[in-house]
2 protein chains.
Amino acid sequence: MTTDFSHIKALVFDVFGTCVDFRGSIIKDCRAWGKAKGLRVNWSKFADAWRAGYRPAMDRVTRGELPWTKIDVLHRLILDDLLVQFKINDLTEAEKDHLNRVWHRLKPWPDTVKGLRRLKKRYIISTLSNGNTSLLVNMAKFGGLPWDCVLSAETFHHYKPDAEAYLGAADAFSVRPDQVMMVAAHKHDLFAAQKHGLKTAFVRRPHEHGRNSNKDLADEPSFTVNADDMVDLAAKLGC
Amino acid sequence: MTTDFSHIKALVFDVFGTCVDFRGSIIKDCRAWGKAKGLRVNWSKFADAWRAGYRPAMDRVTRGELPWTKIDVLHRLILDDLLVQFKINDLTEAEKDHLNRVWHRLKPWPDTVKGLRRLKKRYIISTLSNGNTSLLVNMAKFGGLPWDCVLSAETFHHYKPDAEAYLGAADAFSVRPDQVMMVAAHKHDLFAAQKHGLKTAFVRRPHEHGRNSNKDLADEPSFTVNADDMVDLAAKLGC
């Protein structure tokens with residue numbers, strides 16, 4: 001069966017985990033930085049703890065306990081706690097800022113840039129990430145991600161899975177929600193996009209949480225496309 | 001005298017007239033379209049009249065007479081009047097929409113893409129245009145404009161020269177206003193940017209309004225840079 005994707009105008013991408021390997025990148029970057037400073041830290045646990053603080057921090061914004069706050073600032077709040085917890089002491093403000101900006105220096109998965117370049121020929125390709133605009137722009141320059149547009153939760157002052165993020169993307173491209181396809185490695189993101197009328201593409205990222213995680217990688221029949229990586233997605237979307 | 005631009009992180013560009021030749025593009029596109037339809041219209045006057053309606057339409061939004069309205073919609077309101085005025089009758093809705101989207105099909109000035117590619121190596125390059133997001137994204141794909149980010153008045157729901165547009169750009173890139181340089185062919189845009197603390201680059205576009213206009217092309221000493229085109233700007237910014 002061939003599916004007709006001609007009505008789709010824009011692909012919007014989750015970024016952390018879907019396009020870039022945040023865990024591997026943080027571990028590698030921090031390990032090199034820590035080694036130069038003579039620190040002894042379990043950087044895998046550090047990266048996992050940092051990411052674990054991410055959803056609860058955004059939930060505080062979504063519940064209205066915090067005003068609109070960029071991910072850079074939320075990452076820093078979590079980092080300040082982690083520095084105590086992991087006994088990383090006596091950092092200068094510049095060092096803390098450098099560490100916090102590791103999220104701007106995340107590396108694409110090996111297939112990402114190749115797949116995006118193919119998809120860009122036929123579709124508008126844009127981020128739709130909870131990362132803030134400057135983080136996404138810096139990351140794109142760092143990793144060579146060829147976005148046509150950078151949309152962020154910051155654009156709409158609403159974190160995914162709020163409706164405003166998904167519907168805001170369709171409005172930004174002046175198209176109907178079903179002319180936008182959300183691309184993500186996380187089913188919860190796609191179920192939310194689906195609920196608001198977007199098309200959906202699941203991209204399997206088996207190593208997002210390390211080699212031994214038990215992530216759900218099964219095809220989901222209700223998604224428009226299930227793909228093994230970005231190059232497979234490009235092939236399945238006729239690029 | 002060499003000026004140090006190392007503190008500048010992002011260049012934000014006016015687009016209509018500064019990066020693309022809207023008048024020449026509209027005349028050429030509409031003339032070819034009109035010829036195929038057997039229409040006799042003075043397309044130069046038509047293009048000038050369309051552009052003349054632009055500022056008054058935005059001013060209605062700025063004064064609060066209209067709620068936030070995208071340029072595509074404002075262009076269409078003006079177009080509907082022009083079709084009566086220029087006696088262009090019996091168009092289908094699809095034809096009117098095609099005509100209105102000529103603003104998505106504007107061609108870059110000959111130096112624009114070359115200059116932007118050079119500037120992109122050292123700086124974040126972004127639009128900061130009153131054009132809406134989808135217009136800017138479609139235009140970038142049409143003309144090969146290599147933006148790192150697409151910021152629009154639509155991003156901030158404020159048309160330039162409102163402060164929110166200029167300060168919003170600095171906030172989006174998480175930098176101070178003086179770390180952003182506004183690039184424009186229009187001095188009023190640059191004076192507004194300057195007032196809100198941004199650096200400024202004037203790019204001369206002598207033919208923006210045709211060959212016989214008396215546009216002010218003189219260097220303005222209060223601007224950070226005055227340049228002859230985008231390639232000259234790249235050279236002057238050390239790229």
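Annotations
- Distance between the range A:70-132 and the range B:177-239 - C-alpha centres, whole angstrom: 34
- Along the range A:97-112 the Karplus relation, 6.51 cos²θ - 1.76 cosθ + 1.60 evaluated at θ = phi - 60°, assigns HN-Hα couplings of 5, 4, 4, 4, 7, 4, 5, 8, 10, 7, 8, x, 4, x, 8, 5 Hz to successive residues, with x for each Gly and Pro.
- Among B:Ala192, B:Ala140, B:Ala52, the residue with the largest mean-square fluctuation in a Gaussian network model of chain B, with springs joining Cα atoms closer than 10 Å, is B:Ala52.
- Looking at the range A:48-97, the GluC sites (Glu not before Pro) that sit in a DSSP loop and have at most 15 other Cβ atoms within 10 Å of their own Cβ are A:Glu65.
- Each copy carries a label point for B:Asp219 at 7 Å from Cα along the beta-carbon vector; from one copy to the others these points are 6.7 nm apart, nearest first.
- Listed residues A:Ala172, A:Ala49, A:Ala36, most fluctuating in chain A (Gaussian network, C-alpha, under 10 Å): A:Ala36
- Exam field: B:Lys96 pseudo-label spacings to other copies (7 Å along Cα-Cβ), nanometres: 5.8
- Across all Cα atoms of the protein assembly as shown, the radius of gyration (one decimal) and Dmax (whole number) stand at 23.7, 78 Å.
- For peptides B:103-115, B:219-231, sequence by mean Cβ density within 10 Å, most packed first: B:103-115, B:219-231
- Cα→Cβ-extended label distance, 7 Å offset, between B:Glu164 and A:His188, nm: 3.2
- Using a 7 Å Cα-to-Cβ projection, A:Arg63 label spacings across copies, nm, ascending: 4.7
- Cβ-Cβ distance of B:Asp232 and A:Lys114, R₀ of 41 Å, FRET efficiency by 1/(1 + (r/R0)^6): the value works out to about 0.70.
- Among the listed pairs A:Lys121/B:Lys87; A:Lys45/A:Lys96; A:Lys120/A:Lys141; B:Lys9/B:Lys160, those beyond 27 Å (Cα-Cα): A:Lys121/B:Lys87
- Legend: Rg and Dmax of the range A:127-227, from Cα coordinates, 14.0, 42 Å.
- In terms of overall dimensions, the range B:22-104 has a Cα radius of gyration and Dmax of 12.9, 41 angstrom.
- In this structure, B:Asp219 and B:Asp48 have a Cβ-Cβ separation that, at R0 = 30 Å, corresponds to a calculated FRET efficiency of about 0.65.
- Per residue of B:172-179, other chain Cβ atoms within 10 Å of the residue Cβ number 3 on average.
- With the simple spin-label model, which puts each label point 7 Å out from Cα in the Cβ direction, the A:Val84 to B:Ser6 separation comes to 3.7 nm.
- Given charges at Cβ of Lys, Arg, Asp, Glu: the range B:87-239 dipole, positive-most of B:Thr92, B:Val180, B:Gly197: B:Val180
- Derived scalar couplings between HN and Hα for the range A:134-142 equal 5, 4, 5, 5, 4, 5, 5, 5, 5 Hz in order, rounded to whole Hz, by the Karplus curve 6.51 cos²θ - 1.76 cosθ + 1.60 (θ = phi - 60°), x for Gly and Pro.
- Across peptide A:118-125, the average count of Cβ atoms from other chains found within 10 Å of a residue's Cβ is 1.
- Applying the Kirkwood pairwise sum to the alpha-carbon positions of chain B produces a hydrodynamic radius of 18.4 angstrom.
- Shielding of peptide A:132-138 by partners, expressed as the average count of other chain Cβ atoms within 10 Å per residue Cβ, is 6.
- Cα→Cβ-extended label distance, 7 Å offset, between A:Ala94 and B:Leu39, nm: 6.1
- For chain A, built as a Gaussian network whose Cα springs stay under 10 Å, the top-fluctuating residue of A:Leu116, A:Leu167, A:Leu39: A:Leu39
- If the chain linking B:Lys28 and B:His209 were pulled fully straight, counting 0.36 nm for each residue of separation and taking away their Cα-Cα distance, it would gain 63.7 nm.
- Integer Hz, Karplus 6.51/-1.76/1.60 couplings in order for the range B:16-22, x for Gly and Pro: 5, x, 7, 9, 10, 8, 5
No lab work stands behind these numbers, since they all come straight from the coordinates. Predicted model only: the values in this text are computed from it and were never measured. Positions of Cβ are backbone-derived with ideal geometry, glycine not excepted, and every protein chain shown enters the neighbour counts.
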